[in-house]
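Written below as structure tokens is the structure these notes are about.
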Amino acid sequence: MLEAYNQHVQERALKNLPPKPLTAEQTEELITSLVSGGRDDKNTLIQLLTHCVLPGVDPAAKLKAEFLYRLIKDENPASVITPQQAIKLLGTMQGGYNIQPLIDLLDKPEWAGSAAEQLSTTILIFEKFKNIEEKAEQGNVWAQKVIQSWANAEWFIRRPELPEKITLNVFKVTGETNTDDLSPAPEAWSRPDIPLHALSMLSNLRDGVQPDEPGCRGPIQQLAQLKKEGYPLVYVGDVVGTGSSRKSATNSILWHIGNDIPWVPNKRSGGFVFGRNIAPIFFNTLEDSGAFPVEMDVSGLETGMLIDLYPYQGEVRESASQRLITSFTLKTDVLLDEVRAGGRIPLIIGRSLTAKARESLKLAPSNVFRQPKAPAPSAAGFTLAQKIVGRACGVEGIRPGQYCEPKVSTVGSQDTTGGMTRDELTDLACLSFSADLVMQSFCHTSAYPKPVDVKLHETLPDFISRRNGIALKPGDGIIHSWLNRMLIPDTVGTGADSHTRFPLGISFPGGSGLVAFAAATGIMPLDMPESVLVRFSGEMQKGITLRDLVHAIPFYAIRQGLLTVEKKNKINVFSGRILEIEGLGMLKAEQAFELADASAERSAAACVLRLEEENVAEYLRSNAALLRWMIRQGYENSATLERRIAEIEAWLANPSLMVADKNAEYAAVIDIDLAEITEPIVCAPNDPDDARLLSEVANSPVDEVFIGSCMTNIGHFRAAGKIIADASEIPTRLWLAPPTKMDAQQLSKEGYFNQFIKSGARIEPAGCSLCMGNQARVRQGSHVVSTSTRNFPNRLGTNANVFLASAELSAVAAILGKMPTVEQYFWYMDKINSTRDDTYRYLNFDRLPEYQSTLNEAGVIKRFPDQVF
């Protein structure tokens, strides 16, 4: 094992990478070698055991904890590791498999003091707190000392505070840095291997950035040159962190500018990120990771400048002259505690442990921690979002700016972030989910998997289902199209994909760390955002689609001066706020998701829509039928599916939907008259904020067309099929990717796939396909029309110019090989106007025979919910 591992170390060193952590198999061999004794390399083996085994509930950590505990119990002074050393090593493992041995040692007089010392600095205790509390109540002095230490917050006080002054070296990336820049989609397979993935950060050419190998390897040498000054780097940008992959992007930045975490291999925390605008989910993910993100005017900062940061004074000064460059106000003073604790999540867990210890000792609440400022009292009513979050917190409503920890009912995870979420759950010592429903999908990698993806497909489902989660299967389709089928109205959820936006209830997407925390604990931290109301009125015009209404939101915001396309000094009224939409209550839930989904492109924290009760009930009846079908098909965890079915049926038995108060207050209101939208609205290359009328871009060349992504449903494919029906050998390269396998089966049955094939289209497996750009991609430099979520530079293809448009407009562009004129578009739309009700017909699973069960089957399933049939 050691010979093979040393070879691995050398191979990684050639790429300037540290070795990977030890696997369970390697750890077992290492332990066997240590036990056998007589080895000259025992010190090397001990170092590997100490520093190269992941903490928490990783399988290797279990072997390590068991081995160390055996050494302590055997009390063999001739052992390669003394009992005292073994106790200290147990204390470095954060939580999980090391906790019970340390608790047991509290009863051993010779080791109790050392075990108590290690437990005092450990916060991942969770349900084991009761064990220690019981020992303390029974008179165990060392258990009492542990409880007292937690009550005194010594785990926090012992950590260093942020200094009064920090000298930093600036690394500035001008314009917008989206998460595709920081965590390129084609390299998504390597995200769990943080040091390897970080090599691809900023690998595309741009002003001020010098990639080592454009398109493959980022500015590693440029960063190394800056580090030679001997000061920590600060990442600076105009707009930072828009896009999806917040956790992997954060990991990449912090690998280059952060600090090693003691006893945790290949992971870093800390670091400094400044931006004129920092996307809210990215900001939160930086907080979770112990970084210090600050929004400020960055126009006076340039790469290579030495600056002094004064975090408590809110100033940045030139280091040599002490000239004031800019000043700032922290989002919250609690950020200072988050950095000290090693991140927002450790702070939340630690504060909770301290509160529990003080309650056990009947002490008043601790005054050690900074408290978030409470919002000013208000007589205004509550918005819909404020009421939904309020219910999840057990109160009437939550005011903007108020810190809260709502109960999380639904959590989603997808495959390009799933490996990171798994690792975060392992670090959190999570063996069972506390959130009511956690679902894992494989939609981003199932079509063309790499070997590392195949391994994830094989191992992650068991990891999820053993913790009572639901694991989809590769080829099932897009995470959101499935997760939406599992929702309960007026509840709160989250997901590690930025498009985890619910048509029912509300979702606050987050990075993998936050999602793991929510899944493990059943709550999530939230500084309640303000809301922006978008109010539609009037009648929708013939030939106008929902995608046009999606794009109407930025279009009208630009008109009102609430949004700018220019990145420097960018204005975005939606950023970090909740988008609340009214006036479209007639929409089906499938249609509502199209609007909620696109709130991600607005950098909104979340989105809610007001729908009619009848349409919600129709959707839930269909969803309950699908979940029963999943149980019969062998999906796990069946008990979780049964519980969610029962919750859906309970709502159907007593339906009700929350509504906003009439006197609710909003940060801004955007009124959109549907009668004014008389032609399609698209987003021009390459910015989802750059909304324009079709007439402004007509006749632009089109080489490739993509119809797919979570922004589509079965109605869009029927519409495209009817538009293309008479076309043969269209001049463009047309890609089609149904969102789920159920959509694909139904479209094939109705003959649409046959029509698409005759036109020369390429039909992709159900899933994300081109949308993320991590698998198939459009040709370099091509002109594209896409129904996907976003059109960031290089996302769908290298140097591609991508319009975002409706499926209907995309189909017309595919036929013409260019963006149509308004007249051409409406001529083609006449083909579907007469059959509109049939075209935009959705999958009601409770009415489709193939998804029904016999009465006997249903009875058996109800009696034995854990049995798979």
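Tabulated data for the structure shown
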read-out: Extended-chain gain in nm, criterion 0.36 nm per residue less alpha-carbon gap, Ala364 and Leu336; value: 7.8 nm
read-out: Listed peptides 312-323, 362-373 by packing density, highest first (mean Cβ within 10 Å); value: 312-323, 362-373
read-out: Rounded FRET efficiency, nearest 0.05, which uses the C-beta distance separating Lys473 from Arg159 and R0 of 41 Å; value: 0.40
read-out: Cβ-derived FRET efficiency at R0 25 Å, Asp846 paired with Thr459, nearest 0.05; value: 0.15
read-out: Rounded to the nearest 20 debye, dipole of the chain from Cβ charges on Lys, Arg, Asp, Glu; value: 740 debye
read-out: Two-site label geometry, Glu614 and Ala776: point separation in nm, points 7 Å out along Cα→Cβ; value: 4.0 nm
read-out: Peptides ranked, highest mean first, by Cβ atoms within 10 Å: ranges 509-522, 782-795; value: 509-522, 782-795
read-out: Residues whose placed amide H lies under 5 Å from that of Phe272, excluding near-sequence neighbours; value: Tyr235, Phe292
read-out: 18 Å Cα-Cα threshold exceeded, pairs from Lys542/Lys749; Lys128/Lys247; Lys172/Lys567; value: Lys542/Lys749; Lys128/Lys247
read-out: Overall form of the stretch 680-833 per C-alpha gyration tensor (a/c, 1.5; a/b vs b/c); value: oblate
read-out: Pair Asp207, Gln7: separation of 7 Å Cα→Cβ label points (nm); value: 5.0 nm
read-out: Listed residue (Ala115, Ala653, Gln222) projecting farthest to the positive dipole end of the chain, Cβ model; value: Ala115
read-out: Residue-wise HN-Hα coupling along the stretch 729-736, computed from phi with Karplus coefficients 6.51, -1.76, 1.60 (Hz; x: Gly, Pro); value: 6, 4, x, 9, 8, 9, 10, 10
read-out: Amide proton proximity set for Gly412, modelled H, under 5 Å, gap of 5+; value: Met439, Thr494, Gly495, Ala496
read-out: Prolate/oblate/rounded label for the stretch 406-524 (Cα gyration tensor, a/c 1.5); value: oblate
read-out: Pair Trp827, Lys15: separation of 7 Å Cα→Cβ label points (nm); value: 5.4 nm
read-out: Options [x] 0.99; [y] 0.97; [z] 1.27 - which one matches Rg/Rh (Cα atoms, Kirkwood Rh) as calculated here; value: [y]
read-out: Rounded, prolate or oblate (a/c below 1.5 giving rounded, otherwise prolate when a/b exceeds b/c) for the stretch 1-157 by Cα gyration tensor; value: prolate
read-out: Estimated vicinal HN-Hα couplings, Hz - the stretch 760-771 in sequence order (Karplus 6.51, -1.76, 1.60; Gly, Pro = x); value: x, 6, 9, 9, 8, x, 4, x, 7, 6, 5, 3
read-out: Which listed pairs, of Lys42/Lys108; Lys20/Lys473; Lys88/Lys145; Lys145/Lys362, have C-alpha distances above 20 Å, in listed order; value: Lys42/Lys108; Lys20/Lys473
read-out: Karplus-derived HN-Hα couplings along the stretch 130-135 (A = 6.51, B = -1.76, C = 1.60, θ = phi - 60°), whole Hz, x at Gly and Pro; value: 4, 4, 6, 4, 5, 4
read-out: Helix 415-427 vs. the chain, principal-axis angle (Cα, 0 to 90°, nearest 10); value: 20 degrees
read-out: Sorted peptide list for 547-553, 221-227, 690-696, criterion being average Cβ within 10 angstrom, highest first; value: 547-553, 690-696, 221-227
read-out: Full-extension gain in nm, Gln225 to Asp260, via 0.36 nm per residue minus C-alpha separation; value: 10.6 nm
read-out: Per-residue [θ]222 nm for the chain (sum of -39500 (n - 2.57) over DSSP H runs n ≥ 4, rounded to 500); value: -11500 deg cm²/dmol
read-out: Between helix 451-465 and the chain: long-axis angle, C-alpha atoms, 0 to 90°, nearest 10; value: 80 degrees
read-out: Cβ charges +1 (Lys, Arg) and -1 (Asp, Glu), total dipole of the stretch 166-341, debye; value: 240 debye
read-out: Per-residue Cβ neighbour rank within 10 angstrom, fewest leading, Cys216, Cys393, Cys443; value: Cys216, Cys393, Cys443
read-out: Estimated dipole of the stretch 703-847 in Debye, rounded to 20 [Cβ of Lys and Arg +1, of Asp and Glu -1, Cα centre]; value: 340 debye
read-out: Computed lengthening from Arg39 to Glu676, 0.36 nm per intervening residue step minus Cα-Cα distance; value: 221.2 nm
read-out: Antiparallel bridges, percent of DSSP beta bridges restricted to the chain (to nearest 5); value: 30 percent
read-out: Amide proton proximity set for Thr445, modelled H, under 5 Å, gap of 5+; value: none
read-out: Order of Thr177, Thr50 - criterion: other Cβ atoms within 10 Å of each residue's Cβ, fewest first; value: Thr50, Thr177
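Quick note: the coordinates plus some simple rules give every number you see, no bench work behind them. Please read all numbers here as calculations on a predicted model, not as lab measurements. Cβ: placed from backbone, ideal geometry, glycine included. Neighbour counts: every protein chain shown.
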